[in-house]
1. Would you kindly work out the equivalent ellipsoid of the range 31-152 from its C-alpha gyration tensor and give its semi-axes, the square roots of five times the eigenvalues, largest first in whole Å?
2. Can you give the longest stretch of the chain with no exposed loop site, where a site means trypsin sites (Lys or Arg not before Pro) in a DSSP loop (not H, G, I, E or B) with at most 16 other C-beta atoms within 10 Å?
3. What's the tally of Lys pairs in the range 37-184 whose alpha-carbon atoms lie under 26 angstrom apart, where the two lysines are 8 or more places apart or on different chains?
4. Where nothing but the Cβ of Lys and Arg (+1) and of Asp and Glu (-1) is charged, how large is the charge dipole of the chain around its Cα centre, in debye to the nearest 20?
5. Nearest 500 deg cm²/dmol is fine: what mean residue ellipticity at 222 nm does the chain get from its DSSP H runs of n ≥ 4 alone, each adding -39,500 (n - 2.57), divided by its residue count?
6. Of all DSSP beta bridges in the chain, what percent run antiparallel (nearest 5)?
7. Have a look at the DSSP beta bridges in the range 29-130 and tell me what percent are antiparallel, nearest 5.
8. Please list, short to long, the whole-number percent of alpha-carbon pairs of the range 119-184 in consecutive 10 angstrom bins beginning at zero.
Amino acid sequence: MTAALVDNFGREVTYVRISVTDRCDFRCVYCMSEDMTFLPKSEILSLEEIEVIARNLVACGVRKIRLTGGEPLVRPGVVGLAERLKALPGLRELCMTTNGGRLEEFAEPLKAAGVDRLNISLDSLDPERFRELTRIGKLERVLAGIDAAQRAGFQHTKLNAVVLKGRNADEVIPLVRFAVENGL
């Protein structure tokens, strides 16, 4: 094992987030413009390059990796990447943050690949408001994705919500209630 990673404050780095893409299938008002300009594919790390970086990070003491994006589930091959990362000796936890829009299709393959836990973005329980916040997302797809994740056996799933004054701040209590009632 090589030397441990230590930040400028003397803390050992044991947890990293790795963005697998800058692309997303939503255009959330707080995150992306409607006509987003993405990096050329030649400037995005290949899955193999991401795997090499992760392998070296784990060799330096990283024990938890979270795959993020953009939206990681739009990246072709991300399930295979997850499977290879989970097999890295020393990695204790592999997580993913997703908007949930494609989770109905990917929950079982992600669980089978070894993803331990999910964070799912959910900013509103009102379908119309959800569409306004995401510009193109469909609440029913995210809710179906949450159900699929639970059926696949994911536990300790966390919900992320960006609370915006005048947009969805009135939904904090309903979102918390939804999380509690659904074991999230």
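Every number in this text was worked out from the coordinates using simple rules, so none of it is lab data. These numbers were taken from a predicted model, which means no experiment stands behind them. Methodologically, a virtual Cβ is constructed for each residue, glycine included, from the backbone with ideal geometry; neighbour enumeration extends over all protein chains shown.
1. Numbers: eigenvalues 146, 69, 25 Å².
Here the semi-axes work out to 27, 19, 11 Å.
2. Working: sites that count: Arg11, Arg27, Arg63, Arg92, Arg135, Lys138, Lys165, Arg167.
Of all site-free stretches, the longest is 93-134.
3. 10
4. Details: 26 positive and 26 negative charges, 83 e Å.
Once rounded to the nearest 20, the dipole reads 400 debye.
5. On the way: 6 runs with 65 residues, N = 184.
Estimated from H runs of four or more residues: -10500 deg cm²/dmol.
6. Values: 1 of 17 bridges.
DSSP beta bridges in the chain are roughly 5 percent antiparallel.
7. Working: 0 of 8 bridges.
Beta bridges within the range 29-130, antiparallel portion: roughly 0 percent.
8. Going from the shortest bin to the longest, the percentages are 21, 56, 21, 1.
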